[in-house]
1. Select from the stretch B:108-165 the residues that are under 25 Å from A:Arg117 (Cβ atoms), open to solvent by 30 Å² or more (accessible area, probe 1.4 Å), in a loop (DSSP other than H, G, I, E, B) and among the aliphatic types (A, V, I, L, M) and list them in ascending order.
2. Any residue that is at pLDDT 85 or above and open to solvent by less than 90 Å² (accessible area, probe 1.4 Å) - is there at least one of those in the stretch A:177-189?
3. Considering only the stretch B:41-52, I want to know if a residue exists there that is charged (D, E, K, R) and surrounded by fewer than 12 Cβ atoms within 10 Å (Cβ to Cβ).
4. Show the residue pairs that are 6+ apart or on different chains and have beta-carbon atoms under 9 Å apart, the first residue being within the stretch B:41-65 and under 18 Å from B:Glu15 (Cα atoms) and free of Cβ contacts under 8 Å to residues at least 40 places away in the same chain, the second being buried (at least 19 other Cβ atoms within 10 Å of the Cβ) and among the basic types (Lys, Arg).
5. Residues to consider are B:Leu70, B:Leu94, B:Leu86; find the one that is among the hydrophobic types (A, V, I, L, M, F, W, C), assigned to a helix (DSSP H, G or I) and under 18 Å from the mean Cα position of the chain (by Cα).
6. Applying the selection to the stretch A:242-279, what residues are open to solvent by 80 Å² or more (accessible area, probe 1.4 Å) and at pLDDT 50 or above?
7. Among the residues of the stretch B:21-40 satisfying the criterion of being in a helix (DSSP H, G or I) and among the charged types (D, E, K, R), which is nearest to B:Ile10 (Cα to Cα)?
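The values are calculated or read from the model by the stated rules, or taken from the named source; none is laboratory data. Everything numeric here is computed off the predicted structure, so don't read it as measured data. When we count neighbours, we look across all protein chains shown, and the Cβ atoms used for this are built from the backbone with ideal geometry, even at glycine. For the accessible areas, the whole protein counts, side chains as well, though only heavy atoms, and no ligand, DNA or RNA atoms are used. Shrake-Rupley method; radii C 1.70, N 1.55, O 1.52, S 1.80 Å.
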Amino acid sequence: MNELKPYGGIDTSQFRGHPVDLEVFSGPLDLLLHLIQQDQIEIWEISISRITRQYLEHLQRLEALNVEIAGEFLVMAATLMRIKSQMLLPRPAAPEEDGDGMPLTREGLIQRLLEYRRYRDAAQVLRDMEDERRRSLPRGWAPLLEKSHLYPLREARAVDLATYLREVLERPAPIDTHEVQLEEIRLEEKIEQLLAAIASRGDPIPFREMIARPWWRLEWIVTFLALLELMRQGKAIALQEESFGDLWVLAAPPSEQGLEGHDLDGERMTEPMSMEGMP
Amino acid sequence: MNISRILEAILFSAEAPLTAEQIAFALPDVPQEEIAAALEDLQQRYEAEQRGWRLEQIAGGWQLLSHPDLYSFVERFLEGKRRSRLSRAALEALAVVAYRQPITRGELEDLRGVDCAGVLHTLIERDLVTVSGRSNAIGRPLLYKTTDRFLEHFGLFSLSDLPHLAEVEALWGSEDVRTQLEAELARRLGPAGDPSGSPAGDRPGEASAEAFPLSEVEGGALIDHAIGD
């Protein structure tokens, strides 16, 4: 890789993208993108076809396709193309026309701003009305409030837990995330985490708070297994407000603990779990 | 049978404003006028007896509401969890929709000078704005209008109860604002008739003389700068 030209105030060492070599720029692609977005390099001085060609040549030299690098490149190349095509297109708003088909002149602009100002003042009047109205409450408003501090909960049964898990698993994942790497999560660790969390807090903890990465199904499943194991050992209690409702986890009172007295080891998790109807 | 008691029971059971038709449905043998008179009678009686609630005409119907005088107590009961207010951006967009409905997103954005997809989404989600159809313009863009929930949120009986724009305008001298706007525009875009100082720049395909894309001059920011609040 060639020496990087110093660009004002940017720490170039954090950029490690695929290197490209052009007249105006030589260095990692992600740095180039960053500079273009910062207006430090003009997009029309950049040949995207050349970047792509260099990249394809680089790919051919590689023996195995690195999907992660290929994906990053695609995103950056697409962003560059979008920026460039936007610059090449004529601005649709210019010359703008007002209702009479005349170009928007300074007078037209002032008219429009004055009109906008009217709506802005109307918004302020609406704000006063909103504030006044908020002082009157309709029937049925108070029960809509959160009652997290009340928890009139009943103890959840195994079938409630299974139903809850199924509901969680059926929840659609956010579209814009994708998991490429296969990660591991250890049941023993999850059990310890869960135990530590409920021990440090006297109050019930929402089950979903125990999930660090909600989009990751495996973590839901392992955390759920950890909860089942702790309940089996009598160390935790799960509560649920209503069927399909959120689960709350609470440390079991000391008297209920140690009934089974097993040490934690992964092998004990062989107890068959009723998962009928699970996806 | 005492109509007032029946009306009271029906109103008590409802969490949203009830129209006269909805109420009449439960009382098929009673003439509409009699129901309307009984409702007004109830309204006055509650006020005279200084009840903790009021009967109000809102969003085309009738609704029992806690008396605003008692809000401080209700608020304490609610532990400060007030009904949420709209953000300023959402309120502005809502004002434009309310006065110009039905309106397309493009027209709304032209007026405000900023992208309105986000606030429009919020307003639709809160059921204050809804789609009313499609415009006949190119591309047949969606048209938006306000909902009954909007009337309820602001305590209006109908859209004609919106404050008139002329009254709103009377709160400030439009000539005064105009002068300040012109000065601010001159500072930003160069003096009138010479737009060479336009921030639109001189790249190909950009604004030509005497034409300013409003998107270059965000309306709210410009007005703030010229006039302040």
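1. Of everything in the stretch B:108-165, just one residue is under 25 Å from A:Arg117 (Cβ atoms), open to solvent by 30 Å² or more (accessible area, probe 1.4 Å), in a loop (DSSP other than H, G, I, E, B) and among the aliphatic types (A, V, I, L, M), namely B:Val114.
2. Yes, because at least one residue in the stretch A:177-189 is at pLDDT 85 or above and open to solvent by less than 90 Å² (accessible area, probe 1.4 Å).
3. yes
4. What qualifies is B:Leu65/A:Arg133.
5. Going through B:Leu70, B:Leu94, B:Leu86 in turn, just one is among the hydrophobic types (A, V, I, L, M, F, W, C), assigned to a helix (DSSP H, G or I) and under 18 Å from the mean Cα position of the chain (by Cα): B:Leu94.
6. Residues satisfying the conditions are A:Glu242, A:Phe244, A:Pro254, A:Ser255.
7. Filtering the stretch B:21-40 down to residues in a helix (DSSP H, G or I) leaves B:21-26, B:32-40.
Still in the list and also among the charged types (D, E, K, R): B:21, B:33-34, B:40.
Details: B:Glu21: 13, B:Glu33: 17, B:Glu34: 16, B:Glu40: 15 Å.
Of everything passing the filter in the stretch B:21-40, B:Glu21 is nearest to B:Ile10 (Cα to Cα).
Yes/no matrix, rows are residues, columns are (1) more than 13 Å from chain A (Cβ to nearest Cβ); (2) closer than 20 Å to B:Arg149 by Cα; (3) touching a helix residue (DSSP H, G or I) at 6+ places or on another chain (Cβ under 8 Å); (4) not basic (Lys, Arg):
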residue	(1), (2), (3), (4)
B:Ala20	yes, yes, yes, yes
B:Ala24	yes, no, yes, yes
B:Pro31	yes, no, no, yes
B:Ala37	yes, no, no, yes
B:Leu55	no, yes, yes, yes
B:Gln63	no, yes, yes, yes
B:Phe73	no, no, no, yes
B:Leu78	no, no, yes, yes
